[in-house]
Amino acid sequence: MKITPKDVERLAFVSRLELTDEEKTAYTRSLQESLSYLDLLKQADTTAVEAAERVLPMINLFREDKAQPGLASELVFANAPEEEDGAFKVPRIL
């Protein structure tokens, strides 16, 4: 695929960017180099590569769901600037 300055202008327009002529030229060159590299990757032989859904194996993804005691209120509110009726008190935000 060939990227033209007109393509970059269209992309800048929908992205609400104002580009100088030098920037348009630089972006055209940069995008064209990226697409050329992707074309090179398309040519790579991947027939012996097994398809993967994830890079890392998913082992023990979920922990057992069981009730556990929470922190004591004294520990929870120990560093709180203000506390009222068992809740953090913060300034009103409107």
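Hey, Ala44 hits all of (1) part of a loop (DSSP other than H, G, I, E, B); (2) hydrophobic (A, V, I, L, M, F, W, C); (3) over 30 Å from Lys2 (Cβ atoms) but one; which does it fall short on?
Exception for Ala44: condition (3).
Looking at (1) assigned to a loop (DSSP other than H, G, I, E, B); (2) over 30 Å from Asp7 (Cα atoms), which is the only condition Leu75 fails?
(1)
In the stretch 1-33, how many residues are under 23 Å from the mean Cα position of the chain (by Cα) and either touching a residue at least 40 places away in the same chain (Cβ under 8 Å) or surrounded by 11 or more Cβ atoms within 10 Å (Cβ to Cβ) (or both)?
Of the residues in the stretch 1-33, 6 are under 23 Å from the mean Cα position of the chain (by Cα) and either touching a residue at least 40 places away in the same chain (Cβ under 8 Å) or surrounded by 11 or more Cβ atoms within 10 Å (Cβ to Cβ) (or both).
Can you confirm whether Glu23 is of a type outside the set (Phe, Trp, Tyr), within 30 Å of Lys6 (Cα to Cα) and either touching a Leu at 6+ places or on another chain (Cβ under 6 Å) or not in a loop (DSSP other than H, G, I, E, B) (or both)?
Taking the combined requirement at face value, the residue satisfies it.
Checking Ile59 against (1) over 30 Å from Asp7 (Cα atoms); (2) at pLDDT 90 or above; (3) not basic (Lys, Arg), which single condition isn't satisfied?
Failing condition for Ile59: (2).
Any idea which of (1) surrounded by fewer than 10 Cβ atoms within 10 Å (Cβ to Cβ); (2) in contact with a helix residue (DSSP H, G or I) (Cβ under 8 Å, 6 or more places away or on another chain); (3) within 30 Å of Met1 (Cβ to Cβ) is the one Gly86 doesn't satisfy?
It is condition (3) that Gly86 fails.
The values are calculated or read from the model by the stated rules, or taken from the named source; none is laboratory data. Small disclaimer: the values here were computed from a predicted structure and weren't measured. Every residue, glycine among them, receives a Cβ derived from its backbone with ideal geometry; neighbour counts consider all protein chains shown.
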